[in-house]
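Right, I'll just put the structure down here and ask away after.
The values are calculated or read from the model by the stated rules, or taken from the named source; none is laboratory data. Please read these numbers as outputs of a predicted model, since none were measured by experiment. A quick note on method: Cβ atoms are made from the backbone with ideal geometry, for glycine too, and the neighbour counts reach across all protein chains shown.
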Amino acid sequence: MANKQAILSAVDQIYDTLHYLAANGCRGFECSRQSLATLSRWSQSLSPLAEILEDIRFDLGDCQRCKLASSRKHIVFGEGYARAKLVFIGEGPGFEEDQRGQPFVGAAGQLLTKIIEAIKLTRDQVYICNVIKCRPPGNRDPEPDEIETCLPFLERQIRAIRPDFICTLGRISAQALLKINTPISRLRGRFHNYYGIKLLPTYHPAYLLRNPNKKRDVWNDMQMLMKEYRYED
Ligand code: URA
């Protein structure tokens, strides 16, 4: 078993390195799509993806790691396709999400569903989750200690799914993953490199509900995403 873990870890490291080199235009190594696909298959056969997401959910358990545990109704882990090519990441559950245990099912979620459909995908084809898994009281912004406690679970989810693209929604998720404080207005509109994954920050759907004039910017971001997504098919 220890041997299997060591092989899996080596395969993962080779995959991540080649993926990173390929994403940065490196031509000095054999990092073609075929090689990446082979490595991805090896890794998956050593450790099926669905089990990894389930393991992460299992580890989270009835989480009491931060103060949000006392006021939440449900942990909102995330949902969608475990092998999605594209992952959407919001900040944290709101009222509806807390009630139902599912991400983005309230008013902002309905807008997100429309955005996903506008790029010719369905919610079942992508994965949707948040930086923090429990609702902050009164929908306040998550606090730094709450983000710090919950972020490792999101990082593990991303590693398990291994998407080609991440679309972060709003300031909190972009800043948490990229570990910077740049305002969302300056982060959006271009791809960032997140360990070889193309990460595109855009405005949060809840912000669009309050500022419909920003929908044009999000549509431009989505067109950029759609173009790259189709190119990688
Ligand atoms: N806003 C978020 O950031 N996430 C949700 O799941 C719902 C609303």
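Looking at residue 168, is it within 12 Å of the chain's Cα centre (by Cα) and on the phi < 0 side of the Ramachandran plot?
yes
Same structure again: Restricting attention to segment 110-136, report how many residues are under 27 Å from residue 58 (Cβ atoms) and either more than 13 Å from the ligand (Cβ to nearest atom) or surrounded by fewer than 22 Cβ atoms within 10 Å (Cβ to Cβ) (or both).
Qualifying residue count, segment 110-136: 5.
Another question about this same structure. Pick out the one residue from 160, 174 that is within 15 Å of the ligand (Cβ to nearest atom) and crowded, with 16+ Cβ neighbours inside 10 Å.
On the way: 160 fails: within 15 Å of the ligand (Cβ to nearest atom).
Every option except 174 fails the conditions.
Quick one: residue 180 ticks every box in (1) within 16 Å of the ligand (Cβ to nearest atom); (2) touching a helix residue (DSSP H, G or I) at 6+ places or on another chain (Cβ under 9 Å); (3) of a type outside the set (Asp, Glu) bar one, so which box is it?
With (1) within 16 Å of the ligand (Cβ to nearest atom); (2) touching a helix residue (DSSP H, G or I) at 6+ places or on another chain (Cβ under 9 Å); (3) of a type outside the set (Asp, Glu) applied to residue 180, the lone miss is (1).
Residue 232 - would you say it is surrounded by fewer than 22 Cβ atoms within 10 Å (Cβ to Cβ), of a type in the set (Asp, Glu) and touching a residue at least 24 places away in the same chain (Cβ under 8 Å)?
Taking the combined requirement at face value, the residue satisfies it.
Another question, then. Kindly establish whether residue 156 is of a type in the set (D, E, K, R) and closer than 16 Å to residue 126 by Cβ. Working first, answer last.
Details: of a type in the set (D, E, K, R): yes; closer than 16 Å to residue 126 by Cβ: no.
Criteria not met by residue 156.
Of these, 59, 12, which one is among the charged types (D, E, K, R), at pLDDT 95 or above, over 18 Å from the mean Cα position of the chain (by Cα) and assigned to a helix (DSSP H, G or I)? Explain how you work it out, then say what you get.
Details: 12 fails: at pLDDT 95 or above.
Sole residue among the options that is among the charged types (D, E, K, R), at pLDDT 95 or above, over 18 Å from the mean Cα position of the chain (by Cα) and assigned to a helix (DSSP H, G or I): 59.
Regarding residue 143, is this residue within 26 Å of residue 99 (Cα to Cα), more than 16 Å from the ligand (Cβ to nearest atom) and among the charged types (D, E, K, R)?
Numbers: within 26 Å of residue 99 (Cα to Cα): yes; more than 16 Å from the ligand (Cβ to nearest atom): no; among the charged types (D, E, K, R): yes.
So residue 143 fails the test.
Check whether at least one residue in segment 90-105 is small (Gly, Ala, Ser), part of a helix (DSSP H, G or I), more than 18 Å from residue 166 (Cβ to Cβ) and more than 8 Å from the ligand (Cβ to nearest atom), and report yes or no.
no
What are the pairs with Cβ atoms under 7 angstrom where one residue, in segment 160-180, is more than 17 Å from residue 125 (Cβ to Cβ) and the other, located anywhere, is within 12 Å of the ligand (Cβ to nearest atom) and acidic (Asp, Glu)? Sequence gap at least six, or different chains.
170/91; 172/91; 172/141; 173/91
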